Amino acid sequence: MLFRTPTGMSRRHFMQHLASASAFSGSALALGHTLQLNASELARNQKSAILLWMGGGPSTIDIWDLKPNSANSGPFKPIATKGDMQICEHMPMTAQVMDKLSIVRSMSTREADHDRGRYYMHTGYVPNPNIEHPSYGAVIAHELFGQRRDLDIPPFVAVGGSSEGPGFLGMAWAPFTVNSNGQVRNLNMQMDPERFALRLNALSRLEKKFIEENRGTAALEHAKVIEKTVNLMSSQQMAAFRVDDEPQELKERYGQNNFGRGCMLARRLVQAGVPFVGVDLGGWGNHKGIFPTLQNDRLPTLDRAMSALVEDLDNRGLLQNTAIIWMGEFGRTPRINGTAGRDHWARGWSVVVGGAGFKGGITVGATNDDGTDVVGTSYSSEDLMASVCHSLGISLETTFYSRSGRPMKIANSGKVIKELFA
């Protein structure tokens, strides 16, 4: 039987620990709030990744791989970029940073259901009722954490939405979820320190008893969570979550909305040494009325924040060590349906990558003239995950083991997309 853990740490579960730890660390947090981040020093030569997750399945045929001469084309026109490609006219700011990003236009995946596609694109594995596989965030945090032993804040942060979790790696690698302002809901800062110490001592004795009685892994995992919680709440590194400390001009550059603030927070977190940050932008399930939604809402929001993130990381010398991944669970049908929308399509679609060891300014692969199929080599979720790991210096020979000893290769033995690398 494979060892199974929850897909992530529930907000209530983690918040119970945060609330009880809060007063013990209140003074340290107050001090941390007054400090300026010296994050470039912390992040020097340390790899990180930022996943921009487009929940709902974005229409990549209208964003990254337009077909202006096809009957499947929508009303949007392609424009030139600073890279060797054209993209949608409603992404003009991103067009100016495409020399630092590359598009894989030949993704061909096997899951066109939202939940299954989300799981597959986050883990490299199709869902299996007998096991929960670790996501990008858990794998990358697990593998890169050794580079930053002085990191107190969580190594896997999900901003603005939940993420797939740690699977069999255990709760120590679960995502820590915050909103785009860097806030954790229901945080109680009022508990008396003495009362906190008594509670912590009692809990420690109880968990030690369970661990010594060999009642499974839950008590040991829980003890790790408690330890991380106390470290978190007493750390000056918590200042990294104070996104409101950024200059007003930079806030406006990213966009005064949840996704813009989330991307700005992601930069602060990788600057502070966090190995993996996921930022969620949902609303891509456009089965009807797709073009006004994209033109007036999703694309302007994405364009401003994504371009600002690339510029900001580059200006601070962080882009060379930070992988950016833009993707959803699948694309949208080349054919426009009867309600002026597009439906689920996994046969041929696009993702975008950049930073770290990735080449910029190129396209890899292609779809045919009407976007209905991949021309030549296609790439899977496994291949994309293997490429991201390679860009971060994570060995693809890495093998994880279940509690029963079953070996599982990192990225499900995916192959590196060689064209993405010099």
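Quick note: the coordinates plus some simple rules give every number you see, no bench work behind them. Model, not experiment: these values are computed from the prediction. Ideal geometry is used to build each Cβ from the backbone, glycine not excepted, and the neighbour counts take in all protein chains shown.
The figures follow:
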quantity: Residue within segment 263-280 that is among the hydrophobic types (A, V, I, L, M, F, W, C), part of a loop (DSSP other than H, G, I, E, B), out of contact with any helix residue (DSSP H, G or I) (no Cβ under 7 Å at 6 or more places or on another chain) and surrounded by 22 or more Cβ atoms within 10 Å (Cβ to Cβ) present; calculated: yes
quantity: Members of segment 151-184 that are touching a Ser or Thr at 6+ places or on another chain (Cβ under 9 Å), within 18 Å of LEU281 (Cα to Cα) and among the hydrophobic types (A, V, I, L, M, F, W, C); calculated: PHE156, VAL157, ALA158, VAL159
quantity: Of all residues in segment 97-141 being among the acidic types (Asp, Glu) and assigned to a loop (DSSP other than H, G, I, E, B), the one that is nearest to THR377 (Cα to Cα); calculated: GLU111
quantity: Given (1) closer than 21 Å to MET85 by Cβ; (2) in contact with a strand residue (DSSP E or B) (Cβ under 6 Å, 6 or more places away or on another chain); (3) free of Cβ contacts under 8 Å to residues at least 60 places away in the same chain, index of the condition PRO407 fails; calculated: (1)
quantity: Residue, surrounded by the fewest Cβ atoms within 10 Å (Cβ to Cβ), within segment 142-156, restricted to residues that are in a helix (DSSP H, G or I) and touching a residue at least 40 places away in the same chain (Cβ under 8 Å); calculated: GLN147
quantity: Test: residue in segment 80-93 that is over 26 Å from SER307 (Cα atoms), in contact with a Leu (Cβ under 8 Å, 6 or more places away or on another chain) and either outside any loop (DSSP other than H, G, I, E, B) or acidic (Asp, Glu) (or both); calculated: no
quantity: Lone unmet requirement of (1) among the β-branched types (Val, Ile, Thr); (2) more than 27 Å from ILE336 (Cα to Cα); (3) out of contact with any Phe, Trp or Tyr (no Cβ under 7 Å at 6 or more places or on another chain) for VAL126; calculated: (3)
quantity: Subset tally (residues that are among the charged types (D, E, K, R), exposed (fewer than 12 other Cβ atoms within 10 Å of the Cβ) and in a loop (DSSP other than H, G, I, E, B)) for segment 392-422; calculated: 1
quantity: So LEU384, is it part of a loop (DSSP other than H, G, I, E, B) and either under 28 Å from GLU311 (Cα atoms) or without any contact (Cβ under 8 Å) to a residue 60 or more places away in the chain (or both); calculated: no
